[in-house]
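Input: a single structure, listed below in structure tokens.
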Amino acid sequence: MASAHPSRSHTPLTASLWLLTVLLAAYGVVILGSLGGGSLQDFFGRWVYDAVVLGAAMVVLARSVRVEAERRAWLALGIALLLWALGQTYYSVFLYYSSPAPFPSPADALFLAFYPASYVGLVLLLRARVAHLEPLAWVDGLIGALAVAAVAAALIFPPVLGALGGSPLGVGVSLAYPCADLVLLGLVFGALAASERRVQGTWLLIAIALLLFAAADVVYISVNGQSTEALNLASVGWPAAFLLLARAAWLHGPMAASTSRRSGHRRHIALPLALSAAVVVLLALGSFTSIGTTAVVLGVASLGVVLIRLGITFNQNARMLTASRRDAVTDPLTQLGNRRSLTFDLERRLRMGSGEAILALFDLDGFKAYNDSFGHMAGDDLLHRLGTQLAAAVEPWGKGYRLGGDEFCVLAAASTLKPEAITAAAQAALSERGGGFSIGASWGMVRLPAEATTATDAMRLADRRMYAQKGQRANSALSQTRGVLLGVLHEREPELDGELQGIAHLAARMGRELGLGTEDLDVLVRAAELHDVGKVAIPDEILHKAGALTDAEWELMRKHPLIGERVLSAAPAMSQVAKLVRSSHERWDGSGYPDQLAGGEYPARRPDNPDLRRLQRDDRLAALRGADECRGCDR
């Protein structure tokens, strides 16, 4: 496809435009300056004038021939210019020396045929450059068209009507020109208001050309042959307008049709607002001077459309605000509430104190493996299905939420159904099994307001409980780490199996008697099972030495809780267990190791945990001191 830039790949067209411009300038100098004799002025008035008009039409038609894009639009506009040029040629050949020239004549038929062809060309050009116009674009175009038509009517009709006379047919033809100009200006300014900024340069140049064209029509009709100077000035305006149209045809290269994206851009309303302001000024002037009924009607219509645009804009903004609010609290994948929605609902429920409720956090088990096996798109589909199931399962009591990734949440009233039943229904909704996969959910539940009175505390407690349950599953990282470490201990010290199980059983009994929560009890039992894991780094000759240990050997032996802490801390899931293992060989009287902690100095899993503080203070801990009577325990 040929380039559309006249100054680069279309040198002949560029030369033609310059030649036509020079001819027009020469015509203006000769005609307006009254240079030369009558024969020279006749030559310029007939043939040079006709050459400029016909040449401009050929340049526009060349655009449609050489560039496929927008071909129909520029073909229609080229035909419009050609019709006008043929009318001018007919006048020059047959009517130039007629005195008076017949009016109307066949030339007028060709002149008037210019307008419908121009209308078709402008509409096709608008459709070619904007594939889809939003409602506001059409409204802006209508505002621009009516506003310009109102101003033009106020400027055009008074002088034209004052100069009309003659036969009814002649009056009708004379009125047809300004009326057609009015429609043409309204159409082009409507297109200018509706178009995107990147193609407004073409429309602006076309608008200037048609304004000049209409002004020449008004001058010609209003003077009614009474002023030679005015007629000469009008005769320069028509070919000048044609040259501007020819330049507009090659102003931009071929453009793909674009979709108008106008909403929210303030610059798109600038032209309609400016034209509406002009209408307001025009109507205000109408209070002091006559502007004609047509101008008043068009001006009022323009302002009426402005009100319609305001209504459309308000409606669009209201919908956008509603959508923004909804999107701000909605998970886009599952359409459940998101974390922001949960925080808002949870704080409101706690603030209003509207009865007993539960907060339950859920984390999917097996989702990562599903994603790895079937891909992320299948994973998104699964999350969407599970979210839909969760919403339906808890709808009678509360709402479901997706907090991100594979984490879900339920906030529900617990006045009509036991909390366990609600969480069981939610857990079932978040489970799915099929060929090669099994999805379940670990959960942690908090009773509100009995166990938490703030949103932060409720979320933190539910999160801890959820991960405690997740860690108890056989395939969890915590359980797998525990299994590996117990296996290492078994290989190193097979006889410790029974003793470690006994200690873990005793720790579990004590924890339950003290009322520890599920999470704290699980940490305590695992610490009891693994409290001697650091002994894997102690040489056998020290562990199994029959006699008393030397001071150096004792120093090394007392490091095994520290070694156990380092081993367990390598797994993030075992970090809490590691802290208790470090202190597993401390004594109430401060004679233990490695930190010689005494009494209340024992580390609590959480400083604000009253159960563990009570565990530290309770004299029944003395029973645990005798539990570690295995070989090497006191070392």
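The values are calculated or read from the model by the stated rules, or taken from the named source; none is laboratory data. Computed from a predicted model, the values in this text were never measured in an experiment. Cβ atoms come from the backbone with ideal geometry, glycine included; neighbour counts cover every protein chain shown.
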Q: Output the residues belonging to the stretch 34-47 that are in contact (Cβ under 8 Å) with a residue 12 or more places away in the chain and under 20 Å from residue 230 (Cβ atoms).
A: 42, 44, 45, 46
Q. Can residue 60 be described as of a type in the set (A, V, I, L, M), buried (at least 20 other Cβ atoms within 10 Å of the Cβ) and either under 50 Å from the mean Cα position of the chain (by Cα) or under 17 Å from residue 119 (Cβ atoms) (or both)?
A. yes
Q: Please give the helices (runs of 4 or more DSSP H) falling wholly within the stretch 551-592 in which 1 or more residues are within 52 Å of the chain's Cα centre (by Cα).
A: 560-569, 575-582
Q | Top-ranked residue in the stretch 18-57 [being at pLDDT below 90 and of a type in the set (D, E, K, R); ranked as farthest from the chain's Cα centre (by Cα)] | A | 42
(Q) I'd like the full set of residues that are over 15 Å from residue 593 (Cα atoms) and either in a loop (DSSP other than H, G, I, E, B) or of a type in the set (Phe, Trp, Tyr) (or both), limited to the stretch 531-544. (A) 538, 539, 544
Q | Matching residues in the stretch 286-298 - criterion: being at pLDDT below 85 and either among the β-branched types (Val, Ile, Thr) or at negative phi (or both) | A | 286, 287, 288, 289, 290, 291, 293, 294, 295, 298
Q.
Of all residues being closer than 18 Å to residue 242 by Cβ and aliphatic (A, V, I, L, M) in the stretch 66-81, which is modelled with the lowest pLDDT? Just the residue, please.
A. 73
Q) Looking at the stretch 434-460, which of the residues that are more than 36 Å from the chain's Cα centre (by Cα) and closer than 18 Å to residue 344 by Cα is surrounded by the most Cβ atoms within 10 Å (Cβ to Cβ)? A) 448
Q: Specify which of the listed residues (111, 103, 94) is buried (at least 21 other Cβ atoms within 10 Å of the Cβ), in the same structural domain as residue 186 (by TED's automatic domain parsing) and of a type outside the set (Gly, Ala, Ser).
A: 111
Q: Answer yes or no as to whether residue 14 is at pLDDT below 85 and among the hydroxyl-bearing types (Ser, Thr, Tyr).
A: yes
Q. If a residue has to be over 23 Å from residue 433 (Cα atoms) and either of a type outside the set (A, V, I, L, M) or in contact with a Ser or Thr (Cβ under 7 Å, 6 or more places away or on another chain) (or both) to count, how many in the stretch 396-415 make the cut?
A. 5
Q | Hits in the stretch 545-569 (condition: farther than 14 Å from residue 593 by Cβ and surrounded by 11 or more Cβ atoms within 10 Å (Cβ to Cβ)) | A | 545, 550, 566, 567, 568, 569
Q: Hey, can you tell me all the residues within the stretch 350-363 that are crowded, with 21+ Cβ neighbours inside 10 Å and more than 11 Å from residue 409 (Cα to Cα)?
A: 357
